Amino acid sequence: MSEAKWYVVHTYSGYENKVKANIDKTIENRHLEEQILEVRVPMQDVVELKNGVQKAAQKKMFPGYVLIHMIMNDDTWYVVRNTRGVTGFVGPGSKPVPLTDVEMAPLGIKRENVVVDFAEGDMIQVIAGAWADTVGVIQAVNLQKQSLTINVELFGRETPVEISFADVKKM
């Protein structure tokens with residue numbers, strides 16, 4: 001199996017989040033979680049001055065573009081290319097060109113692989129994020145995404161939640 005790389009997809013202006021949601025839904029429906037790993041709309045924090053008041057806000061770094069971390073093959077190309085709102089991949093002709101590590105560095109997306117000794121069935125505690133202080137049993141480990149899935153109780157039901165390796169500790 002080939003390695004996943006980051007690709008840039010051109011979208012209609014203002015449709016970036018809708019394209020991300022559509023691709024995420026298609027990944028779930030077609031069970032492509034192992035091939036399309038992540039879809040991102042890069043955002044940056046900015047300070048805007050409105051009516052004399054400074055306000056922190058988030059702005060799209062690249063309006064009209066979405067970044068996708070995926071393994072390029074005919075299926076993944078077809079799924080992304082035929083998503084509503086996508087005009088095409090960035091690259092010469094119809095051939096997508098992956099971003100290099102040098103191009104990824106300023107975006108702050110390339111994260112180092114965390115070596116962990118987690119296994120399914122281990123008890124962990126979430127130490128950061130929305131689920132901080134939650135204790136759960138690992139249901140699945142995804143080494144490529146650097147995440148694991150635990151079940152948490154939400155509204156009286158067991159609900160699977162995906163959490164980054166960096167946000168948990170083993171109990």
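The values are calculated or read from the model by the stated rules, or taken from the named source; none is laboratory data. Here the structure is a predicted model, which means the values were calculated and not measured. All Cβ positions, glycine included, derive from the backbone under ideal geometry; neighbour counts span all protein chains shown. The accessibility values were calculated without ligands, DNA or RNA, using every heavy atom of the protein model including side chains. Shrake-Rupley method; radii C 1.70, N 1.55, O 1.52, S 1.80 Å.
At-a-glance table
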{"quantity": "Among N51, N142, N151, residue whose mean-square fluctuation peaks in a GNM of the chain (springs only between Cα atoms under 10 Å)", "calculated": "N51"}
{"quantity": "Correct choice for volume of the Cα convex hull per residue in Å³ that was computed from the model, options (1) 171; (2) 183; (3) 111", "calculated": "(1)"}
{"quantity": "C-alpha long axis of helix 16-30 to longest principal axis of the chain, angle in °", "calculated": "60"}
{"quantity": "Lys, Arg +1 and Asp, Glu -1 on Cβ, resulting dipole of region 5-70 about Cα centre, debye, nearest 20", "calculated": "260"}
{"quantity": "Projected-area average for region 1-58 over all orientations - Cα convex hull basis, square nanometres", "calculated": "5.7"}
{"quantity": "Furthest towards positive pole of dipole, L49, A128, V97, structure part the chain, Cβ charges", "calculated": "L49"}
{"quantity": "Residue-level accessible surface for D117, protein heavy atoms, 1.4 Å, Å²", "calculated": "110"}
{"quantity": "Estimated dipole of region 1-125 in Debye, rounded to 20 [Cβ of Lys and Arg +1, of Asp and Glu -1, Cα centre]", "calculated": "880"}
